[in-house]
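The values are calculated or read from the model by the stated rules, or taken from the named source; none is laboratory data. Keep in mind that this is a model prediction, so the values were computed, not measured. No Cβ is skipped: glycine too gets one built from the backbone with ideal geometry, and neighbour counts run over all protein chains shown.
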Amino acid sequence: MRPPAEMKLDSSLPRPFVFINMAMTADGKISTVNRAISSFGSKRDFKHLYELRATADAVMCGARTVDLNPVTLGPGGGTFMKRRVKNGLSPSNLRIVVTGTGSVNPSAEIFKHRFSPIILLTTRACHDDRRRSLRPLADELHDGGDSEIMWIETLHWLRARWGVNRLLCEGGGALNAALFQAGVVDELHLTICPTIAGGRNAPSIAYGPGLPALEEASRMKITSAKRVGAEMFLTLSMDRSLGSPSSCPPAPDHSKIS
Ligand SMILES: NC(=O)c1ccc[n+]([C@@H]2O[C@H](COP(=O)([O-])OP(=O)(O)OC[C@H]3O[C@@H](n4cnc5c(N)ncnc54)[C@H](OP(=O)(O)O)[C@@H]3O)[C@@H](O)[C@H]2O)c1
């Protein structure tokens, strides 16, 4: 996937379709309080993750998720790469790491795997010394705001510059919270795992400053629910009309999960 030589930001075009995929405990946590464990899902849940990646032009994570886990955000091997091509996508997805201040660890696992472009979404609050150490690790560093990413503009930029029609966000909670707050989340895929982790300060799927009133909450509706083995696979859609944000293939139908 290469950016076009000429880039025009046409805000009359729809922004990319944004969907989030997360696995959480039955008490709503996405990791233990010490952040040591965040993988609560089964093998089936991991397959589900790759199935969703196979419908996305780009996969995105926040800096702490990339620091704390040996993730590569890749397509997951030959079967899924073939599926991507069948879906009209490139064999490997673009990878995006959000690091407003550039605090992401340059030694993180993702930077050791060069199979597809890596974009770092930074802000103007990222100091020059951090920029210097991050630049060689990324195919592009893009300032998406002053101290926080301006999501609407940045999503339009991702579409115009890198051809992103479907963007899959895989957490963590801080990044998800910012996307919900910006009102750009179209769909949420949630796996509920039969584990109780506890921990007052353990992160949840939208781990931000929170909202003062229910009227400001993101309203979603459950569009699919399926129990497979010990887990529940849910899909929730934003309860509003966005027109047709993407011409790319839709995410897999949960009724086909087996
Ligand atoms: N169970 C699951 O499905 C799942 C999935 C993913 C992650 N996790 C777990 O969740 C935990 C990490 O979550 P987290 O909430 O602590 O961190 P996170 O969302 O992964 O990363 C937070 C960082 O991302 C950057 N960032 C996020 N939103 C931004 C915005 N709007 N503008 C600018 N920068 C932004 C900031 O980087 P800078 O500090 O550089 O500014 C921020 O400190 C880990 O324990 C991880 O393993 C679980």
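Yes/no per residue for (1) away from the ligand (no atom under 12 Å from the Cβ); (2) surrounded by 21 or more Cβ atoms within 10 Å (Cβ to Cβ):
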position: Pro136; (1), (2): yes, no
position: His142; (1), (2): no, no
position: Gly145; (1), (2): no, no
position: Trp157; (1), (2): yes, no
position: Leu168; (1), (2): no, yes
position: Asn176; (1), (2): no, yes
position: Ala182; (1), (2): no, no
position: Val185; (1), (2): yes, yes
Within the range 62-82, how many residues are among the hydroxyl-bearing types (Ser, Thr, Tyr) and either under 25 Å from Ala177 (Cα atoms) or in contact with a His (Cβ under 6 Å, 6 or more places away or on another chain) (or both)? 2
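If we keep just the residues of the range 117-129 that are surrounded by 17 or more Cβ atoms within 10 Å (Cβ to Cβ) and over 17 Å from the mean Cα position of the chain (by Cα), which is nearest to the ligand (Cβ to nearest atom)? Before the answer, list the steps.
Taking the range 117-129 and keeping what is surrounded by 17 or more Cβ atoms within 10 Å (Cβ to Cβ), we get 117-123, 126.
Narrowing the set further to residues that are over 17 Å from the mean Cα position of the chain (by Cα) leaves 123, 126.
Values: Thr123: 6, Cys126: 8 Å.
The selected residue is Thr123.
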Within the range 199-212, does at least one residue satisfy the condition of being in contact with a Lys or Arg (Cβ under 8 Å, 6 or more places away or on another chain), within 11 Å of the ligand (Cβ to nearest atom) and of a type in the set (A, V, I, L, M)? yes
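Just checking, which of Ile196, Ile152 is more than 13 Å from Arg15 (Cβ to Cβ) and among the β-branched types (Val, Ile, Thr)? Don't jump to the end; show me each part of the working.
Values: Ile152 fails: more than 13 Å from Arg15 (Cβ to Cβ).
After applying the criteria, what remains is Ile196.
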Got a sec? Which of Ser237, Ser246 is surrounded by 14 or more Cβ atoms within 10 Å (Cβ to Cβ), out of contact with any Cys (no Cβ under 6 Å at 6 or more places or on another chain) and at pLDDT 95 or above? Ser237
Could you figure out which of (1) charged (D, E, K, R); (2) outside any helix (DSSP H, G or I); (3) within 16 Å of the ligand (Cβ to nearest atom) isn't true of Arg114? (3)
Of all residues in the range 27-64, which are surrounded by fewer than 16 Cβ atoms within 10 Å (Cβ to Cβ) and near the ligand (Cβ under 10 Å from one of its atoms)? Val33, Asn34, Ala36, Ile37, Ser39
Search the range 148-159 for residues that are of a type in the set (D, E, K, R) and pair each with any residue that is within 12 Å of the ligand (Cβ to nearest atom) and part of a helix (DSSP H, G or I) when their beta-carbon atoms are under 8 Å apart and the residues are at least 6 apart or on different chains. Glu148/Ala178
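One residue is enough: does the range 188-211 have a residue meeting the conditions under 17 Å from the mean Cα position of the chain (by Cα), charged (D, E, K, R) and outside any helix (DSSP H, G or I)? Can you show your working first?
So in the range 188-211, the residues under 17 Å from the mean Cα position of the chain (by Cα) come out as 188-191, 203-208.
Those still in the list that are charged (D, E, K, R) too: none.
No: zero hits.
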